[in-house]
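Working notes, structure below.
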Amino acid sequence: MSGTAATVTTTTANPVIQDLTKVLANTYVLGVKTHGAHWNVKGPGFFRLHAAFDEQYHELLLAADDIAERIRALGSAAPASMRQLLEQSSIGEPPAADDVQLVRALRDDHRQLAKQCRDATTEAEDADDKATADLLIGRSTAHDKTAWMLTATLGE
């Protein structure tokens, strides 16, 4: 490999690994999106949102590490570049609007990811992969909780 990064192949016939790869991509992209929200939040809710986003992006990046390690434990390479992660992700760009719209967008992303984790849990259970199912149940629970907290922040 003359000076270029190796291409990581994340496509596999194993549907559990395919699901985990998508969950990883969405988790990492949401972590970056939340980190950006942490940097750019402003207005009367600055202190509480800045602190909340700090906690949330740290949790997401730790979760991404756990998911990537599970993919490796299952014998596949985890996506290792922003390009690879973005190709697998369905998380959209943050809105260029007020903080209420940003909180709402992050809340919706967590709801989407919670559902994705629940769907992937079913696939893992069907494959009798209890370790992956357990990881995904934990992730869907975390996303449900964060979505609830963001909804409460909005007063909805």
Revision key, fill the gap. Note: among T146, T122, just one is polar (S, T, N, Q) and open to solvent by 40 Å² or more (accessible area, probe 1.4 Å), namely T122
Practice item. Just give me the residues in the range 125-134 being open to solvent by less than 40 Å² (accessible area, probe 1.4 Å) and in contact (Cβ under 8 Å) with a residue 60 or more places away in the chain, in sequence order. Key: D129, T132
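Does K22 qualify as being of a type outside the set (A, V, I, L, M) and modelled with pLDDT of 95 or more?
Here the answer is yes, as K22 does meet what is asked.
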Study note, to complete from the structure: Considering residues that are of a type in the set (S, T, N, Q) and part of a loop (DSSP other than H, G, I, E, B), the number found within the range 112-149 is 0
Revision key, fill the gap. Subset of the range 90-101, residues modelled with pLDDT under 95 and within 16 Å of the chain's Cα centre (by Cα), comes to G92, E93, P94
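Table: residues versus (1) free of Cβ contacts under 8 Å to residues at least 24 places away in the same chain; (2) not acidic (D, E).
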| position | (1), (2) |
| --- | --- |
| P15 | no, yes |
| L24 | no, yes |
| T27 | no, yes |
| W39 | yes, yes |
| A51 | yes, yes |
| D66 | no, no |
Exercise for review: Scan the range 124-131 and give yes if some residue there is more than 12 Å from the chain's Cα centre (by Cα) and within 18 Å of L62 (Cα to Cα), otherwise no.
Suggested key: yes
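The values are calculated or read from the model by the stated rules, or taken from the named source; none is laboratory data. Given the structure is predicted, the values throughout are model-derived calculations rather than measurements. Glycine also receives a Cβ, built like all others from the backbone with ideal geometry; neighbour counts cover every protein chain displayed. All accessible areas refer to the heavy atoms of the entire protein, side chains included, with ligands and DNA or RNA removed. Shrake-Rupley method; radii C 1.70, N 1.55, O 1.52, S 1.80 Å.
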